[in-house]
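Data block below; observations after.
Read the figures in this text as sums done on the coordinates, not as results from a lab. This structure is a prediction, so every number in the text was calculated from the model and none was measured. Here the Cβ is made from the backbone with ideal geometry for all residues, glycine too, and neighbour counts use every protein chain on show.
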Amino acid sequence: MTNPYVLVVDDDLSTRMLVSDALMVFGQSSRRARNGQEALELIREEMPAAIILDLMMPEMTGFSFLATLTRELGGKTIPVIILSALGDQVKGVDALPGVVGFMCKGSFSMTGFGELLTKAGLATEQKTVVAA
């Protein structure tokens, strides 16, 4: 891997941008995908250090994406942080392959995000970001 990155997979553009900006604050680079199929294509090009994944997306849901990824990786896993609006409606999500944590859309906090990045094995020293 030339430059480790975090793959942000969400069908909502503003969510992808928010998460990418938050990753930048923690010194992490990111790539973005609109759905599971697009994410798989990016992973085939270069493996990410971690994945931040929405569950409900068109074309390929987060659930289908995880099943396909697990099959393609032959049982190996990439740390996955679930980011979903489903909240407590999703039972057993932490038992899915590679999942290290869950964040509910609408209750995003930088502290909680940093803790999940740490669980995913990523450095989480906050950087000062100056807007242009």
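Determine, from the Cβ-Cβ distance of A85 and A123 and an R0 of 25 Å, the FRET efficiency 1/(1 + (r/R0)^6), rounded to the nearest 0.05.
Efficiency, from the Cβ-Cβ distance: 0.35.
At what distance in nm do the modelled label points of T70 and E45 sit from each other, each positioned 7 Å from its Cα along Cα→Cβ?
2.7 nm
Under 16 Å from a label point 7 Å along Cα→Cβ of E59: give me every residue in region 18-33 with its amide N that close.
Under cut-off, by backbone N: 31-33.
Give, in nm to one decimal, the length gained when the segment between S109 and S29 is fully stretched (0.36 nm per residue of separation minus the Cα-Cα distance).
Details: separation 80, 0.36 × 80 = 28.80 nm, distance 1.88 nm.
26.9 nm is the gain from fully extending S109 to S29.
Sequence gap at least 6, Cα distance under 8 Å: using those rules, report the relative contact order of region 1-48 to the nearest whole percent.
Working: 56 pairs, mean separation 22.3, N = 48.
Relative contact order for region 1-48 comes out at 46 percent.
Got the relative contact order for region 6-119 handy, in percent, Cα pairs under 8 Å and 6 or more residues apart? The partial results should precede the final answer.
Numbers: 173 pairs, mean separation 24.6, N = 114.
Relative CO of region 6-119 lands at 22 percent.
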